[in-house]
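The values are calculated or read from the model by the stated rules, or taken from the named source; none is laboratory data. Treat the numbers as computed from the prediction; the structure is a model and nothing was measured. Neighbour counts are summed over all protein chains in view; Cβ atoms, including those assigned to glycine, are modelled from backbone coordinates with ideal geometry.
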Amino acid sequence: MIRWLLLAATILGFIFVFTTRSPTLLGVGLVLGIVGFIGFVFSLAADRVSASSRPDTAMASPTDLAAMRKPATRPLPPAPRPPASAPSSGQTSPPSAPR
């Protein structure tokens with residue numbers, strides 16, 4: 001609704017500019033036309049942005065955002081155990097000579 005009022009103010013302001021002979025009305029018409037036009041453009045942009053934005057219900061809460069920012073830590077697997085010594089088959093290695 002406000003968009004159409006701003007457009008009407010723009011048109012009315014420029015009508016004043018092109019039809020008046022008074023410098024005061026010329027200034028008022030220019031201000032009304034320029035401000036109305038800028039407001040009209042911003043209202044069009046606001047409608048365009050709101051049409052393509054997500055609703056607030058689809059937004060994540062601050063606690064959800066904090067949980068998503070935390071790095072995911074996985075539990076470390078247990079350290080591998082050293083291999084068990086092979087059962088001896090009765091053979092012993094020769095003793096090493098002292099140096």
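Scanning segment 21-59 for residues that are loosely packed, with under 10 Cβ neighbours inside 10 Å and part of a helix (DSSP H, G or I) returns PRO23, THR24, VAL49, SER50, ALA51, SER52, ASP56, THR57, ALA58. Of all residues in segment 44-59 being modelled with pLDDT under 80 and not basic (Lys, Arg), which is farthest from the chain's Cα centre (by Cα)? Result: THR57. Filtered by the rule that a residue be of a type in the set (Ser, Thr, Tyr) and under 30 Å from ALA8 (Cα atoms), segment 41-75 gives SER43, SER50, SER52, SER53.
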